[in-house]
């Protein structure tokens, strides 16, 4: 079967192959081709999550539903998520150039991302992308793409360098598409990005 000029294997083991039945379902699923994803090692595009809202949380008290999202991240093996509440309590991400972004569709909280001063370096011009997580049921729908894009928009003009750490190959490709470069020399950062001078 071909989608947007590219051949997809019949009976693909990817989620789309299992869920989509026939050419019409696949064409509907891939309509728009807004966000790159990988299917069997090849880049394809899927439509961004409909009705996706991303807000910048500014209240000291965290919203309902966030605890469940963080807990899902921890249970899924993301040890860093266990540090989220302590990091927020010690210094909420509300200063200039910092943010806690929450992605939702209707009343469903789908994902989160934080942009903060980098706590692992003593450099006031270095920021960090942290605590990025998207609920399992909302993956491959452009949620992480949107969160990263919005974080970068906030970072420009405030940070000279951005750093992050990931051990997820799919996430690494997402960050690299947005301009991050692998950094093998720093135990606290797998990727860095140089931004325009502040």
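Any chance you could run the full-extension gain for residue 67 through residue 123? It's 0.36 nm times the residue separation minus the Cα-Cα distance, nm to one decimal.
Roughly 17.1 nm would be gained on extension.
Given Cα pairs under 8 Å that are at least 6 residues apart, what percent is the relative contact order of region 52-194? Could the numbers behind the result be given before it?
On the way: 216 pairs, mean separation 27.8, N = 143.
Rounded, it is 19 percent for region 52-194.
What's the center-to-center distance, using Cα atoms, between region 84-142 and region 53-76 in Å?
Between the Cα centre of region 84-142 and that of region 53-76, the gap is 9 Å.
Using mean Cβ contacts within 10 Å as the protection proxy, how do 82-95, 147-160 order, highest first?
Going by the mean number of other Cβ atoms within 10 Å, highest first, we get 147-160, 82-95.
What is the distance, in nm, between label points placed 7 Å from the Cα along the Cα-to-Cβ direction at residue 153 and at residue 83?
2.9
Taken together, the values in this text are just the output of simple stated rules run on the coordinates, not laboratory data. Computed from a predicted model, the values in this text were never measured in an experiment. Counting neighbours? That spans all protein chains shown, and the Cβs are built from the backbone with ideal geometry, glycine included.
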